[in-house]
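S.K.: Here's a structure for you.
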Amino acid sequence: MKKEVLFLIIQFILFSCYFVDIHIIAYSLPNWINYILLAFVAIGFVIIFLGILNLNDDLSGVSSKKGNSMVFNGIYKYVRHPIYAGILLSMLSYAFFTASVFKLLLTIIMGVVFYYKSNNEENWMLEKYEQYRRYKQKTGRFIPKPKNKG
């Protein structure tokens, strides 16, 4: 079985389990924190939307319509995997909002899956595109890298 298929199966299982409501430890947060968490869920959705929007028709980051050029603009100027980042931000925020340790654990596992999946994707990009190495050095995987003020 190809790694890509295995990653997709694991993602599907984790997303499916995320909708199950299991409370391991009960806790509650003040309303003002819950409002902030809901805002972060929305920000995560915006990041996902921008990632998809910048890719146009190709979710791999390589546009076949533009002579196999890579996408380095828009939100991809700041992070290499904004769709994964947005999913993780939304999942993490919602896990805290719902006070679900189970959802938090699933989010952590999903983060590990996304890390290895993105590593696999990046190895392919490094083989195919010379400029990807420099892009990878200056751009964060899921979180923007701080700018050097040197």
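S.K.: Rounded to the nearest 20 Debye, what is the dipole magnitude of the range 85-139 about its Cα centre when Lys and Arg each give +1 and Asp and Glu each give -1 at the C-beta? If you can, show how the numbers build up before the last one.
M.R.: Working: 7 positive and 4 negative charges, 27 e Å.
With Lys and Arg at +1 and Asp and Glu at -1, about 120 debye.
S.K.: Taking H placed 1.01 Å from N in the peptide plane, check which residues at least 5 places from residue 98 or on another chain put their amide H under 5 Å from its amide H.
M.R.: Those qualifying (amide H under 5 Å, at least 5 residues apart or on another chain) number zero.
S.K.: Hey, rough spin-label estimate for residue 145 and residue 115, points 7 angstrom out along Cα→Cβ, what's it come to in nanometres?
M.R.: Going from the residue 145 label point to the residue 115 one covers 1.8 nm.
S.K.: Treating the angle as unsigned and between 0 and 90°, give the value, to the nearest 10°, between the Cα long axis of helix 31-55 and the longest Cα principal axis of the chain.
M.R.: Between helix and principal axis, roughly 20 degrees.
S.K.: Positive end of the dipole of the chain, charges at C-beta (+1 Lys, Arg; -1 Asp, Glu), about the Cα centre: which of 81, 14, 114 has its Cα farthest in that direction?
M.R.: 81
S.K.: How long, wide and thick is the chain, going by the Cα atoms along their three principal axes, in whole angstroms, largest first?
M.R.: Principal axes ranked by extent give 51, 44, 29 Å for the Cα atoms.
S.K.: Please state the charge dipole magnitude for the chain, taken about the Cα centre, from unit charges on C-beta atoms (+1 on K and R, -1 on D and E), reported in debye and rounded to the nearest 20.
M.R.: Working: 17 positive and 8 negative charges, 147 e Å.
Computed about the Cα centre, the dipole is about 700 debye.
S.K.: List every residue whose amide H lies under 5 Å from the amide H of residue 140, counting only residues 5 or more places away in sequence or on a different chain, with H placed 1.01 Å from N in the peptide plane.
M.R.: For residue 140, the qualifying residues are 80, 145.
S.K.: Mean separation of Cα pairs under 8 Å and 6+ residues apart, divided by the residue count of the range 27-138: what relative contact order is that in percent?
M.R.: Details: 101 pairs, mean separation 30.6, N = 112.
Once normalised by length, the contact order is 27 percent.
S.K.: How many Lys pairs in the chain lie less than 19 angstrom apart by Cα atoms, where the lysines are 8 or more positions apart or on different chains?
M.R.: 21
We did not get these values from a lab; they are worked out from the coordinates using the rules stated. This structure is a prediction, so every number in the text was calculated from the model and none was measured. Backbone-built Cβ (ideal geometry, glycine too); neighbour counts: all protein chains shown.
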